[in-house]
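A.B. asks: Have a look at the structure that comes next, please.
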């Protein structure tokens with residue numbers, strides 16, 4: 001059994017040590033930037049099984065991290081459900097107009113076929129990866145995907161709720177279809193060789209309080225319940241919900257939960273029970289002095305030293321991160 005899966009499955013057991021980083025495969029690495037410069041279409045790059053596997057393994061070769069996370073994107077699911085997805089430089093993703101009829105018309109076979117190169121990338125990577133290391137698959141949570149699919153973000157920190165009721169769109173119908181296809185995507189990734197799935201609810205912090213249960217807690221809980229029934233180790237990341245992490249953990253009951261950098265680690269240790277804690281360190285700490293970075297890391301290591309904990313960040317590695325700084329952080333953690 002891989003290291004990370006072992007920690008998640010034995011979450012009531014003795015403390016284990018493991019380290020990996022969100023967005024460890026990608027934009028901050030010169031070897032990735034070289035590949036990216038020759039492959040301008042991001043979706044096509046994600047559908048290139050050989051290159052996706054190579055990118056996935058780049059941080060493992062460079063840093064010998066404990067886990068690899070497959071190089072892909074949460075928006076591969078809307079792509080497979082019929083929406084066009086473009087990545088605009090310095091702006092982010094842009095999706096074509098949502099069409100409910102087309103969305104509801106997609107069948108399971110068509111969906112899986114469109115994402116088959118992702119599953120092949122997992123198969124290739126699994127064969128090349130040391131058996132003690134974990135291979136992590138991932139999905140975007142339904143709410144986070146909806147914010148992109150229906151284009152409801154008016155800026156980085158606000159959503160336009162009126163868009164959710166425009167054109168008689170039935171939000172629950174969309175959520176239920178997404179949950180069904182996300183579970184298929186999880187299944188396909190696990191069957192291809194992934195050990196663990198991480199569920200990214202990156203925009204959970206934008207859900208209004210009155211909708212948090214219906215749009216965030218319940219959809220995540222349904223996916224985690226599916227994972228539990230099928231013995232799939234899982235980690236949830238409901239970024240930005242602050243002290244609602246406690247209610248999320250109680251309702252969803254994931255194997256692991258990733259802390260964002262706004263969550264006080266002492267509070268998390270006290271309030272979040274029967275779950276493996278992961279992450280928390282602000283990725284901006286890797287951009288300042290080495291001393292401040294290591295002081296930040298020490299805080300998390302000390303607080304979580306006597307419980308199952310996976311060292312990670314409170315969000316993904318930033319593009320301007322120096323790979324040497326990442327190396328120093330890993331070495332510090334392992335020597336601690």
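A.B. asks: Quick check, is residue 6 farther than 20 Å from residue 258 by Cα and outside any loop (DSSP other than H, G, I, E, B)?
C.D. replies: no
A.B. asks: Would you confirm whether or not the range 23-30 contains a residue that is more than 25 Å from residue 303 (Cα to Cα), more than 17 Å from the chain's Cα centre (by Cα) and either buried (at least 19 other Cβ atoms within 10 Å of the Cβ) or free of Cβ contacts under 8 Å to residues at least 24 places away in the same chain (or both)?
C.D. replies: Yes, the range 23-30 has at least one match.
A.B. asks: Now for a different question. Return the total of residues in the range 20-46 being over 23 Å from residue 147 (Cα atoms) and in a loop (DSSP other than H, G, I, E, B).
C.D. replies: 11
A.B. asks: Now for a different question. Return the pair list, or none, for Cβ contacts closer than 8 Å from residues in the range 286-298 that are within 18 Å of residue 320 (Cα to Cα) to residues that are in a loop (DSSP other than H, G, I, E, B) and modelled with pLDDT of 95 or more, at least 6 apart or on different chains.
C.D. replies: Pairs found: 286/317; 286/318; 286/321; 286/322; 287/318; 287/320; 287/321.
A.B. asks: Is there a residue being touching a strand residue (DSSP E or B) at 6+ places or on another chain (Cβ under 9 Å) and under 15 Å from residue 72 (Cβ atoms) anywhere in the range 202-210?
C.D. replies: yes
A.B. asks: Hey, any hits in the range 216-235 for a residue that's more than 30 Å from residue 31 (Cα to Cα), more than 17 Å from the chain's Cα centre (by Cα) and surrounded by 21 or more Cβ atoms within 10 Å (Cβ to Cβ)?
C.D. replies: There is no residue in the range 216-235 that is more than 30 Å from residue 31 (Cα to Cα), more than 17 Å from the chain's Cα centre (by Cα) and surrounded by 21 or more Cβ atoms within 10 Å (Cβ to Cβ).
A.B. asks: Right, another one. When you look at residue 158, is it farther than 22 Å from residue 279 by Cα and without any contact (Cβ under 8 Å) to a residue 24 or more places away in the chain, yes or no?
C.D. replies: no
A.B. asks: Output the residues belonging to the range 124-138 that are more than 17 Å from residue 20 (Cβ to Cβ) and buried (at least 17 other Cβ atoms within 10 Å of the Cβ).
C.D. replies: Within the range 124-138, 124 is the sole residue that qualifies.
A.B. asks: Are any residues in the range 182-211 assigned to a loop (DSSP other than H, G, I, E, B) and surrounded by fewer than 16 Cβ atoms within 10 Å (Cβ to Cβ), and if so, which ones?
C.D. replies: Listed by number, the list holds a single entry, 208.
A.B. asks: If you don't mind, another one. Residue 191 fails exactly one of the following numbered conditions: (1) closer than 21 Å to residue 9 by Cβ; (2) in contact (Cβ under 8 Å) with a residue 60 or more places away in the chain; (3) in contact with a strand residue (DSSP E or B) (Cβ under 6 Å, 6 or more places away or on another chain). What is the number of that condition?
C.D. replies: Unmet for residue 191, out of (1) closer than 21 Å to residue 9 by Cβ; (2) in contact (Cβ under 8 Å) with a residue 60 or more places away in the chain; (3) in contact with a strand residue (DSSP E or B) (Cβ under 6 Å, 6 or more places away or on another chain): (3).
The values are calculated or read from the model by the stated rules, or taken from the named source; none is laboratory data. These figures come from a predicted structure and were not determined experimentally. As a convention, Cβ positions derive from the backbone with ideal geometry for all residues, glycine included, and neighbour counts pool all protein chains shown.
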